[in-house]
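Below you'll find the structure, written out as structure tokens, and then a few comments.
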Amino acid sequence: MQDLHADGTLTLYAAAVVGHDEGSIGLTVRVATEPHAALAAPAVGAAVGALVTLLGGTLALASHSVTSGLVGAVRDLDEAGLDAGFLHRISRRLRASGEVVVAEVEEERQLPLDSRILALGGRISRHRLLRSLSEERTVRELSALSGELHRLRSEPNDMVGAAAGARVKRDRMHEFQRLVAETQALARNLRSEAAVKVAVLRAQAARLDGPARQAVEQRAAVVRSDMEARAARLERTAEAAGDSRFDPGRAGCEDDFEGDDS
């Protein structure tokens, strides 16, 4: 992959190697992703973490609590756009002494990489990252929660009491504020990742000439445009949701949600 990156055939953002240690049922990281590369390809770190955490063997799984690994690994997979089933299929192909290279690449043609891997006696499995699905779910969740808050404001407290009603509304508002903050953070992360990816692509292009350089420069433009558009959509969604709290047609929200904690 590094050779194909050097000639501009593809762009290698990051790679790591995981495998079985001899006599062990668990997986270990044999070659870790370099820190600067991890910023350009967080999906690689998520995949490696999930393989080691979720597929690390019976003893490893038994030792993981909700707070120490399982939930965190699944969340990282989701945010990176990775399918857990894909990683499970990869893990089943690992022999007791085998290893697998996990990498994120940008490529227009698949045959060059496939043929190189086959010539080395290996096999390749591709998985298109579906982070946009996670982003779409975030947008929909924020829209739905905003609607729930609007309806909640008009519900009378006579059946539950003023204190209980205020507490429910305040808790729902806190959930709403958390989701707005997470949406904003997701947008910032996308912009940061886009900047690092574009820097990798530009550094690659600078070492090339002619059509190869033009192809990588075009690749950089596409990556930047796509990720910037996704980040902008998330920012617009968070801004619109936040503004709705001050919509005159939805007045009383923040005041109503500041009842006592009793």
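The values are calculated or read from the model by the stated rules, or taken from the named source; none is laboratory data. Please read these numbers as outputs of a predicted model, since none were measured by experiment. When the accessible area is computed, the model is the full protein with side chains, heavy atoms only, and any ligands, DNA or RNA have been set aside. Shrake-Rupley method; radii C 1.70, N 1.55, O 1.52, S 1.80 Å.
Of the heavy-atom accessible surface of the stretch 188-239 (probe 1.4 angstrom), what whole percent is carbon and sulfur? Mind showing how you got there, number by number?
Working: 1480 of 2890 Å².
Carbon with sulfur: 51 percent of the solvent-accessible area.
Can you list residues whose amide H is under 5 Å from L82's amide H, if they're 5+ apart or on another chain and H is modeled 1.01 Å from N?
Long-range HN contacts for L82: L130.
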